[in-house]
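S.K.: First, the structure itself, so that you have it in front of you.
The numbers here are math on the coordinates, done by the rules we state, and not lab data. Not measured: the values here are computed from a predicted model. Note that each Cβ is placed from the backbone with ideal geometry, even for glycine, and that neighbours are counted across all protein chains shown.
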Amino acid sequence: MKKGKMIILSGPSGSGKTTISHCLLSRFPELKFSVSCTTRSIRNNEKHGKDYYFLSMNSFISKIKTHQFAEWEEVYPKLFYGTLKNEISKILKSNRHVLFDIDVKGGLNLKKQYPNNSLSIFIMVNSIKILKERLFTRSYDEKNNKTNINIRLNKARKENSYAKLFDFVLFNFDLYQTKKKVIQIVSNFIL
Ligand code: 5GP
């Protein structure tokens, strides 16, 4: 019984999509966050099973081999992220809608798999300079060094060019306004 709809929130790292997804989850109790798997290390404000399933590389590879992912990507060099098929079906079976916070390729991949019951939203970074500042001020306990930030910035430049393939594109100039718009779009889609 696949009643649930899917909301795919994509955009470069630092675009504000995680904050927006938290906002959607508190606004719409019928939405459930799809917890992804990742091989990156846990940040000090994160919880296993809530933000991600933090897996070893071996365990991630074994899930690839046993076809447990609906999609997976090497989002950054040697850092893997993926959505478990089981995570999606668990949420759909509970008659809720699924919310994904996922990179651009993964978002497009899911949209292709579920063209009829999914809504894809791209949160656009309006300025690489602002993005750079945001990434620098993020408090990670992982290696938040210049190299990592540059990798994320280069990826953001490429990702912005895929925006046109999404159902909606929102420029995140002002977080309050962006949240308002996303709530409106999601509300139209699920209600
Ligand atoms: P972060 O390390 O900042 O939590 O996430 C890095 C990027 O990976 C973000 O753009 C995030 O949306 C994306 N991401 C998170 N989960 C998944 C997933 O399951 N699949 C894919 N393809 N990307 C993901």
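S.K.: Normalising by the residue count of the stretch 6-190, find the relative contact order in percent from Cα pairs under 8 Å and 6+ residues apart. Don't jump to the answer; show the numbers that get you there.
M.R.: Working: 272 pairs, mean separation 60.6, N = 185.
Computed value for the stretch 6-190: 33 percent relative contact order.
S.K.: Between ILE64 and ASN95, what is the label-to-label distance in nm when each label sits 7 Å out along the Cα-to-Cβ direction?
M.R.: Those two pseudo-labels are separated by 3.9 nm.
S.K.: Before anything else, pin down the relative contact order of the stretch 107-191: Cα pairs under 8 Å, at least 6 apart, normalised by residue count, whole percent. Before the final figure, lay out the partial values.
M.R.: Details: 53 pairs, mean separation 35.4, N = 85.
Once divided by the residue count of the stretch 107-191, the mean separation gives 42 percent.
S.K.: In addition: Counting DSSP beta bridges with both partners in the chain, what percentage is antiparallel, nearest 5?
M.R.: Values: 8 of 29 bridges.
Rounded to the nearest five, the antiparallel share is 30 percent.
S.K.: Peptides 152-163, 8-19: what's the order by average Cβ count within 10 Å, highest mean first?
M.R.: Details: 152-163: 16.2, 8-19: 22.9.
Result, highest mean Cβ count within 10 Å first: 8-19, 152-163.
S.K.: Let me ask something else. Please report the antiparallel percentage of the DSSP beta bridges confined to the stretch 7-94, to the nearest 5.
M.R.: Values: 8 of 12 bridges.
Just about 65 percent of them are antiparallel.
S.K.: Along the charge dipole of the stretch 6-190, which of SER36, HIS97, TYR76 sits closest to the positive end, that is, farthest toward it, with unit charges on the beta carbon of Lys, Arg, Asp and Glu (+1, +1, -1, -1)?
M.R.: TYR76
S.K.: Right, next: With Cβ to Cβ distances under 12 Å as the rule, what net charge do the other residues near SER127 carry (K, R +1; D, E -1)? Could the numbers behind the result be given before it?
M.R.: Details: positive: LYS129, LYS132, ARG134, ARG157; negative: GLU133.
Around SER127, the surrounding residues sum to +3.
S.K.: Using Cα centres only, tell me the gap between the stretch 22-78 and the stretch 120-191 in whole Å.
M.R.: 18 Å
S.K.: Using a simple charge model, +1 on the beta-carbon of Lys and Arg, -1 on the beta-carbon of Asp and Glu, nothing else, what dipole does the chain show about its Cα centre, in debye to the nearest 20?
M.R.: Values: 34 positive and 15 negative charges, 24 e Å.
Here the chain has a charge dipole of around 120 debye.
S.K.: Where does the charge balance sit around MET57 when Lys and Arg score +1, Asp and Glu -1, over other residues with C-beta under 15 Å from its C-beta? Please report the intermediate quantities before stating the final value.
M.R.: Details: positive: ARG40, LYS63, LYS65, LYS78; negative: GLU73, GLU74.
Net charge in that neighbourhood comes out at +2.
S.K.: Is the C-alpha gyration tensor of the chain telling us rounded, prolate or oblate? Criteria: a/c under 1.5 is rounded; beyond that, a/b larger than b/c is prolate, otherwise oblate.
M.R.: Numbers: a/c = 1.57, a/b = 1.08, b/c = 1.46.
Oblate is the answer for the chain, as a/c is 1.5 or above yet b/c matches or exceeds a/b.
S.K.: Along each of the three principal axes of the Cα atoms of the stretch 82-174, give the extent in whole Å, ordering the values from largest to smallest.
M.R.: 42, 31, 23
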